[in-house]
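Here the structure is laid out as structure tokens; the discussion comes afterwards.
The values are calculated or read from the model by the stated rules, or taken from the named source; none is laboratory data. Since the model is a prediction, treat every value here as computed from it, not as a measurement. Cβ placement follows ideal geometry from the backbone for every residue including glycine, while neighbour counts extend to all protein chains displayed.
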Amino acid sequence: MTVDLWTNNYIKQCFLSCTVHWIEDWLVKQNALFCELFQPTVKSAENMKDELVMSLVKYSISNDVIRSSVVFVSDRGAIVKKSLKQFNWLPSFSCFQDI
């Protein structure tokens, strides 16, 4: 899963997005899972992690599924990196272009 937290500077609102990637019949497939308004009282890694979990649950992706079969990929944004580290049982990677 690719996770990103970004701000639309024109409307001054923050969004959390998630794209899923998988391999089917030797082809790499991907689909945007969600892009949701992210407006906690404090923009923090803990709040992002909570929002990410709640959003994944909406799509029937439980903690058990996350623990058994998800690897997170993100840019090097500090809040995103810190948030994904809270899923300490999972590996997470920076995008190749951000390394």
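Here are some notes:
- Within segment 54-63, the presence of a residue that is on the phi > 0 side of the Ramachandran plot, basic (Lys, Arg) and at pLDDT 85 or above is excluded.
- Tally of residues being in a helix (DSSP H, G or I), crowded, with 16+ Cβ neighbours inside 10 Å and modelled with pLDDT under 55 across segment 75-99: 0
- In segment 26-67, the qualifying residues are those that are charged (D, E, K, R) and in contact with a strand residue (DSSP E or B) (Cβ under 6 Å, 6 or more places away or on another chain), and the one that is surrounded by the most Cβ atoms within 10 Å (Cβ to Cβ) is 51.
- Residue count, segment 1-13 (criterion: aliphatic (A, V, I, L, M) and either over 19 Å from residue 82 (Cα atoms) or surrounded by fewer than 13 Cβ atoms within 10 Å (Cβ to Cβ) (or both)): 1
- Among the candidates 27, 16, 37, residue that is of a type outside the set (Lys, Arg), at pLDDT 90 or above and under 19 Å from residue 87 (Cα atoms): 16
- Cross-chain or 6+ apart pairs with Cβ under 6 Å, segment 55-72 first and more than 11 Å from residue 33 (Cα to Cα), then of a type in the set (Gly, Ala, Ser): 72/92
- Output for segment 1-52, where each listed residue is assigned to a strand (DSSP E or B), among the hydroxyl-bearing types (Ser, Thr, Tyr) and under 16 Å from residue 79 (Cβ atoms): 2, 7, 17
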